[in-house]
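Trainee: Here it is, the structure in full.
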Amino acid sequence: MKIGVISDTHLTGYSERLQHLIDRHFADVEMILHAGDLVDLAVLSMFGTRDVRAVSGNMDPPSVREVLPEWMVLELGGLRIGLVHGWGSPAGMENRLLRVFDRVDCLVFGHSHQPMNRLRDGVLLFNPGSATDRRFASRNSLGILNISGGISGEIIELPD
């Protein structure tokens with residue numbers, strides 16, 4: 001199973017650039033995970049009919065927070081995947097997040113805008129970075145998770 005992962009879009013509506021990135025990089029994914037800070041629910045319409053799971057982030061207004069949960073756990077391919085935005089300082093954020101989730105195989109998060117694809121104590125920590133916002137990051141990026149017996153991630157750095 002191939003899963004597209006995106007976070008921190010920080011958009012107030014339709015974006016031609018984001019639509020192009022979705023069509024190009026997520027054309028063959030079975031599901032998309034959005035790790036929060038959409039800022040507007042209209043962002044979800046850019047994913048079309050694809051299966052999308054999304055959580056709210058700290059920059060999301062009440063209109064988004066009323067619809068999207070703060071976190072969730074998905075069971076896919078026999079694996080447990082935690083999805084959350086994150087909060088506070090990027091320093092030590094993985095520790096704070098891991099305390100929220102019990103027995104996950106992968107933790108997908110955002111907030112820092114810094115991509116991460118690292119195994120820690122048997123848990124894949126995966127942050128796709130931001131595809132649209134360069135705050136705190138030198139490049140925009142998004143990610144792909146592959147589930148086939150286990151789970152692996154890939155960070156895709158985007159052109160300017």
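Trainee: Does the stretch 19-56 hold any residues that are closer than 15 Å to residue 111 by Cα and touching a Ser or Thr at 6+ places or on another chain (Cβ under 8 Å), and which are they? Break it down stepwise before answering.
Mentor: Going through the stretch 19-56, the residues closer than 15 Å to residue 111 by Cα turn out to be 33-39, 54-56.
Result: 34, 35, 36, 37, 38, 39.
Trainee: Now, a different point. Taking the stretch 45-95 as the region of interest, how many residues are buried (at least 18 other Cβ atoms within 10 Å of the Cβ) and part of a loop (DSSP other than H, G, I, E, B)?
Mentor: Residues that pass the stated criteria total 9.
Trainee: Looking only at the stretch 137-148, decide whether some residue is of a type in the set (Gly, Ala, Ser), touching a residue at least 40 places away in the same chain (Cβ under 8 Å) and surrounded by fewer than 21 Cβ atoms within 10 Å (Cβ to Cβ).
Mentor: Here is the first cut: in the stretch 137-148, the residues of a type in the set (Gly, Ala, Ser) are 137-138, 141, 143, 148.
Remaining after also requiring touching a residue at least 40 places away in the same chain (Cβ under 8 Å): 143, 148.
Among the residues that remain, those that are also surrounded by fewer than 21 Cβ atoms within 10 Å (Cβ to Cβ) are: 148.
The answer is yes; a qualifying residue exists.
Trainee: Quick check on the stretch 21-33. Is at least one of its residues of a type outside the set (Asp, Glu), outside any strand (DSSP E or B) and farther than 17 Å from residue 156 by Cβ? Outline the logic, then answer.
Mentor: First, the residues of the stretch 21-33 that are of a type outside the set (Asp, Glu): 21-22, 24-27, 29, 31-33.
From what's left, outside any strand (DSSP E or B): 21-22, 24-27, 29.
Checking which are farther than 17 Å from residue 156 by Cβ leaves us with none.
No, that holds for no residue.
Trainee: If residue 147 satisfies every condition in (1) closer than 26 Å to residue 15 by Cα; (2) part of a strand (DSSP E or B) but one, which is the exception?
Mentor: Evaluating residue 147 over (1) closer than 26 Å to residue 15 by Cα; (2) part of a strand (DSSP E or B) leaves (1) as the failure.
Trainee: Next question. Among the residues of the stretch 11-44, write down those that are within 26 Å of residue 146 (Cβ to Cβ), more than 14 Å from the chain's Cα centre (by Cα) and of a type in the set (Gly, Ala, Ser).
Mentor: Within the stretch 11-44, 27 is the sole residue that qualifies.
Trainee: Then there's this: Can you tell which of 47, 101 is of a type in the set (Phe, Trp, Tyr) and within 23 Å of residue 148 (Cα to Cα)?
Mentor: On the way: 47 fails: within 23 Å of residue 148 (Cα to Cα).
It is 101.
Trainee: Can you spot a residue in the stretch 126-134 that is within 27 Å of residue 15 (Cα to Cα), acidic (Asp, Glu) and out of contact with any helix residue (DSSP H, G or I) (no Cβ under 7 Å at 6 or more places or on another chain)? Walk me through it before giving the result.
Mentor: First, pick out the residues of the stretch 126-134 that are within 27 Å of residue 15 (Cα to Cα): 126-134.
With acidic (Asp, Glu) added as a condition, the list becomes 133.
Checking which are out of contact with any helix residue (DSSP H, G or I) (no Cβ under 7 Å at 6 or more places or on another chain) leaves us with 133.
Looking for residues that are within 27 Å of residue 15 (Cα to Cα), acidic (Asp, Glu) and out of contact with any helix residue (DSSP H, G or I) (no Cβ under 7 Å at 6 or more places or on another chain), one finds at least one in the stretch 126-134, hence yes.
Trainee: Looking at the stretch 106-136, which of its residues are surrounded by 19 or more Cβ atoms within 10 Å (Cβ to Cβ), of a type in the set (A, V, I, L, M) and farther than 21 Å from residue 89 by Cβ?
Mentor: 124, 131 - these are the residues of the stretch 106-136 that are surrounded by 19 or more Cβ atoms within 10 Å (Cβ to Cβ), of a type in the set (A, V, I, L, M) and farther than 21 Å from residue 89 by Cβ.
Trainee: Test residue 135 against the stated conditions and say whether it is of a type in the set (Lys, Arg), in a loop (DSSP other than H, G, I, E, B) and closer than 29 Å to residue 160 by Cα.
Mentor: Values: of a type in the set (Lys, Arg): yes; in a loop (DSSP other than H, G, I, E, B): yes; closer than 29 Å to residue 160 by Cα: yes.
Yes.
Just so you know, all these numbers are worked out from the coordinates, no wet-lab data involved. As the structure is a computational prediction, the values presented were derived from the model and not from experiment. Cβ: placed from backbone, ideal geometry, glycine included. Neighbour counts: every protein chain shown.
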